Amino acid sequence: MKIMCRYLSSFLTLVLLTLPAGAEPIDVSGYGNFTGEPGWNITQNTSHNYFYSDSGLVCVATGEAEGIGEEVYADSFVENITFLTDSPESELFPSWTADGNNIMYIVHRDETGNNESYVMKSNGSEIERTGIGEGNLIGFNDINPSGTELVITKSINSQQGLYLVSLENGTVSPLADDPDKSEGWGAWCRLGQKIVYTQKSGNSSSELWIVDRDGSNRHRLGTSENVGTGKDWCPLGLKVLYSARNSKEKPDLWVIDWYGTNQTQLTDTPYGEWNPSFSPDGKKIIYISDEGGKPEIWLRDIEGNYRTRLTNDIGIVDSIPRWSPDGSKIVFTVHTLQNTTGNSITGGSDSNLENASDNLITNSTEIAVIKLENAPAVSPLPEVTSIKIDSVSTILESGAINIFHNHKK
């Protein structure tokens, strides 16, 4: 019994040491409905920075992905790059459907702001106008894991808001549309229950926020400022990957737990990195970087051992890279000409470069796909219904912390 008490004391000490200064369990009590299962123990989970599952999924470990890594040649990763669209209009904000068979996107035809919504096969064929979310539509953001709901950004009275669209009946519901704030660019949690997004109030810096899918429980995550529009969740949704400049001129990649602790800077370089996206197996990250002189797509492993540039002089600016659900392809937008205002967007000193490349409307913007060389097959993720960790007694007995998830058969 004394030995058990000693181990329990050591374990609890470890938990307390891993909590950031000032963090208390009560700080995250508002997220109790995240998994839909009582008994989820946040305090225990904060001591564990990895996520493993029986399907081999992993997540960024705090402090594990720091450094820039050795640069390797893209030839070993890229099989080919194909343009899916080629029209006088601008095609923007591509989003994979949950089955990976289709790509949803918007078309910008003029300066009225009345963008149109479309869908096409993953090879660029069978293009159809859907009308989804049209009317002050700015862009598609992300489709939920089950493929039934789409997060979009709309402009209402010249103010951006975050909205949820049912892909089954087309209804549009507000998620975050405070008239005094600019809110948008959401990303779904892999459990399909929460959404992270960017919020900006007046002249203040943009921040990272989180909201339930029904629009409730809105909270700020972490203390980062000048948060970029692009962000993503690690597989099965324990950590959020995003970019932020804070007081720097260029953006870096950051990661934070979904309940707001363990905020960690992943990159710290003289160039910018932004708009990140996790691979479906959680082992790699794609992002936009101006390391090569202009915004292009780069890939790195989560441990920071290597990095490689996937696009090279494809266009003036490459933006919004997103993995296909099976991890074999990456869809992105290519800005092939200068923007209509004539201002350069490739100078590198622009402090808003990470947002400019995402929101820029050029007079020739196309959608392209990277097919990866020898991409490992990734089984479709199960529809997760809950996740939990072992009890303290089990942890003491086994000497390891296991995290389990339930999913529909």
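Every read-out reported here was derived from the displayed coordinates using simple, explicitly stated rules and does not represent laboratory data. What you are looking at is a predicted structure, and each value in this text was computed from that prediction instead of being measured. Virtual Cβ from ideal backbone geometry, glycine too; neighbours counted across all protein chains shown.
Restricting the stretch 75-168 to GluC sites (Glu not before Pro) that sit in a DSSP loop and have at most 12 other Cβ atoms within 10 Å of their own Cβ leaves Glu111, Glu126, Glu168.
Placing a pseudo-label 7 Å from each Cα along the Cα-to-Cβ vector at Thr269 and Ser87 gives an inter-label distance of 3.5 nm.
Of the trypsin sites (Lys or Arg not before Pro) found in the stretch 203-245, none is in coil by DSSP with at most 12 other Cβ atoms within 10 Å of its Cβ.
Place a +1 charge on the Cβ of each Lys and Arg in the stretch 212-319 and a -1 charge on the Cβ of each Asp and Glu, then give the dipole magnitude about the Cα centre in debye, rounded to the nearest 20. Mind dumping the intermediate values first?
Numbers: 14 positive and 17 negative charges, 34 e Å.
Charge dipole of the stretch 212-319: 160 debye, to the nearest 20.
Working from Cα pairs under 8 Å separated by at least six residues, relative contact order for the stretch 70-372 is 16 percent. The residues neighbouring Ile330, those whose beta-carbon lies less than 11 Å from its own, together hold a net charge of +3 under the Lys/Arg +1, Asp/Glu -1 convention. Stretching Gln159 away from Glu225 to a fully extended chain increases their span by 21.8 nm, per 0.36 nm per residue minus the current alpha-carbon distance. Taking the Cα centre of the stretch 70-372 as reference, the dipole from Cβ charges on Lys and Arg (+1) and Asp and Glu (-1) amounts to some 500 debye.
With contacts taken as Cα pairs under 8 Å and at least 6 residues apart, the stretch 291-341 reaches a relative contact order of 29 percent. Remark: spin-label model distance Asp326-Glu168 equals 2.7 nm, labels positioned 7 Å along the Cα→Cβ axis.
Label zone (Asn246, point 7 Å along Cα-to-C-beta; backbone nitrogen cut-off 11 Å) within the stretch 256-290: 263-268.
Maximal additional length on extending the Asp214-Asp313 stretch stands at 31.4 nm, based on 0.36 nm per residue less the C-alpha distance. Using a cut-off of 22 Å between Cα atoms, the listed pairs Lys239/Lys283; Lys154/Lys194; Lys154/Lys231; Lys200/Lys284 include Lys200/Lys284 as exceeding that distance. For the stretch 164-264, the relative contact order works out to 18 percent when only alpha carbon pairs closer than 8 Å and six or more residues apart are counted.
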